[in-house]
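**Student:** Before I ask anything, let me first share the structure, which is written out below as structure tokens.
The values are calculated or read from the model by the stated rules, or taken from the named source; none is laboratory data. Predicted, not measured: the structure shown is a model, and the values here were computed from it. Because the Cβ atoms are built from the backbone with ideal geometry, glycine has one as well, and the counts that use them run over all protein chains shown. For the accessible areas, the whole protein counts, side chains as well, though only heavy atoms, and no ligand, DNA or RNA atoms are used. Shrake-Rupley method; radii C 1.70, N 1.55, O 1.52, S 1.80 Å.
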Amino acid sequence: MRKHLVFLFATVLSLTACNTDIQGDEKIQLPKPEITYAMTEDRPTSEIDIYWTVDEELNDYVDYYSVIRTMVRDGVTHTKDMPYARYGVTIAPDFFKDGKTWYKVQDCLLDPDTEYTYCVEVYSFDRKFVSKRVYSDKITLKTSKTVEQVPAYPKNVAVKPAQDKLNALTVTWDAVEGATSYEIYSVNSYYPEDEKQIKRITDTTEAFFTHENLTPEETHCYRIKAVKDGKASVLSAKADGTVPAVENITKDKALMLENEVEYKFYSDADTLWFKCIPQDGMLYFHSDWNDYSGNHCTLSIFTEDGTVVASGIPLYQSKNALGESTLANPLEKNNPLYFSNLLQEYGFFENDVNTTTYYLRISKYQCSNFSICIY
């Protein structure tokens with residue numbers, strides 16, 4: 001059984017007095033909980049138990065409790081919300097002490113030698129209460145130092161659009177003295193404090209990294225660890241950046257597609273323009289969008305002088321409500337479009353397909369994201 005240190009009750013207040021008679025239309029105050037903590041003996045560098053009091057007479061009217069943790073690193077505030085019970089779900093209290101009922105949340109995977117601040121939020125949708133939410137006082141604590149010698153974490157992490165690369169972000173940071181490599185972690189921008197969302201995506205020996213093949217207008221969040229003598233630092237402060245929006249919405253801004261490179265796009269524009277010199281005369285197009293109404297996006301192809309090679313080629317496999325295919329998609333990855341076939345079909349007998357520059361116009365219908373690749 002895991003042992004805990006004695007409770008630390010310093011700098012916390014008692015429950016706010018409130019009238020628990022909830023009959024009639026009289027509004028009452030949600031009770032303000034006491035809050036305290038206990039650091040585990042076996043993991044004092046990375047694990048803390050947070051405790052708070054509940055009012056048994058009003059507990060059935062509470063929709064959820066939430067423990068809110070904040071940590072500031074290099075001027076960047078990291079906030080984690082840890083819900084305890086939602087929408088009136090009854091959960092047995094963890095223990096009783098001094099005539100009070102206490103609940104507990106265990107916060108794991110903390111950084112050693114780091115200061116954290118906690119408070120508890122109580123929330124209720126019930127109209128009987130003057131306010132829907134109330135907060136405990138804040139408590140601030142610091143985890144223990146680790147006995148291992150670990151490198152300092154990287155500072156001044158920054159994210160910006162990559163130069164001369166489409167759909168890419170470059171992450172930079174200050175080099176750490178003695179570090180032999182760095183671990184790059186990508187974090188879900190909606191849940192940057194959820195440890196389950198933090199994924200190690202690559203390692204590098206340089207103090208920068210370019211993340212490629214991203215989707216335009218998406219935001220990505222990053223944290224970095226320095227590695228020295230086989231030991232990794234704690235995570236750096238988070239930094240995020242947004243992939244620039246596409247600009248190739250007119251022919252004069254057509255994007256040049258390189259051969260054998262898959263491009264991902266996200267845009268609400270009605271049309272997007274590309275140009276290419278297909279080496280093997282093939283084009284692939286893919287999107288997860290399926291339109292049940294029979295409408296679909298189309299592809300038109302032009303030569304440099306504006307001659308129309310093909311127009312209105314359907315790009316999607318349209319399906320009915322039963323999921324049955326109603327229109328064959330000529331551009332799925334297992335069924336490429338061949339430029340030479342199109343040229344002959346439309347009366348053009350160009351022999352040098354792989355040396356001709358073509359302009360591609362994709363007209364979109366209720367579709368925001370797709371990928372395209374030429375060969």
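**Student:** How high is the relative contact order of segment 139-242? Use alpha-carbon pairs under 8 Å, at least six apart in sequence, and give a whole percent. Don't skip to the answer; put the middle values down first.
**Tutor:** Numbers: 223 pairs, mean separation 37.0, N = 104.
Reported as a whole number, the value is 36 percent.
**Student:** I've got another one for you. Starting from the amide H of Asp280, placed 1.01 Å from N in the peptide plane, find each other amide H under 5 Å away whose residue is 5 or more places distant or on another chain.
**Tutor:** Tyr375
**Student:** Something else about it: Can you work out the Karplus-derived ³J(HN,Hα) for every residue in segment 131-139? Use 6.51 cos²θ - 1.76 cosθ + 1.60 with θ = phi - 60°, whole Hz, and x for glycine or proline.
**Tutor:** With coefficients 6.51, -1.76 and 1.60, one gets 10, 6, 9, 9, 10, 6, 5, 8, 10 Hz.
**Student:** How large is ³J(HN,Hα), in whole Hz, for each residue of segment 217-222 in order, when computed from phi with the Karplus curve 6.51 cos²θ - 1.76 cosθ + 1.60 and θ = phi - 60°, using x for Gly and Pro?
**Tutor:** These are the phi-based 3J(HN,Hα) values: 6, 8, 9, 10, 10, 10 Hz.
**Student:** Another one. Between the DSSP loop rule and a limit of at most 13 other Cβ atoms within 10 Å, which GluC sites (Glu not before Pro) in segment 81-178 are left?
**Tutor:** For GluC sites (Glu not before Pro) across segment 81-178 that sit outside H, G, I, E and B with at most 13 neighbouring Cβ atoms in 10 Å, the list reads Glu148, Glu177.
**Student:** Then there's this: Could you give me the ³J(HN,Hα) list for segment 224-231, computed from phi with Karplus coefficients 6.51, -1.76, 1.60 and θ = phi - 60°, whole Hz, x at Gly and Pro?
**Tutor:** So the Karplus estimates, Gly and Pro as x, are 10, 10, 9, 10, 9, 6, x, 10 Hz.
**Student:** Moving to a separate point now. In whole percent, and with a 1.4 Å probe on the protein chains, what portion of the accessible area of segment 22-168 is carbon and sulfur?
**Tutor:** On segment 22-168, the fraction of accessible area on carbon and sulfur atoms equals 46 percent.
**Student:** Within the set Lys100/Lys142; Lys100/Lys199; Lys104/Lys160; Lys104/Lys132; Lys199/Lys275, which residue pairs have Cα atoms separated by over 29 Å?
**Tutor:** On the way: Lys100/Lys142 26 Å; Lys100/Lys199 41 Å; Lys104/Lys160 41 Å; Lys104/Lys132 22 Å; Lys199/Lys275 36 Å.
Over 29 Å apart, Cα to Cα: Lys100/Lys199; Lys104/Lys160; Lys199/Lys275.
**Student:** Shifting gears a bit: When Lys and Arg each count +1 and Asp and Glu each count -1, what net charge do the other residues less than 14 Å away from Thr170, Cβ to Cβ, add up to?
**Tutor:** Within the 14 Å Cβ shell, the charges total -2.
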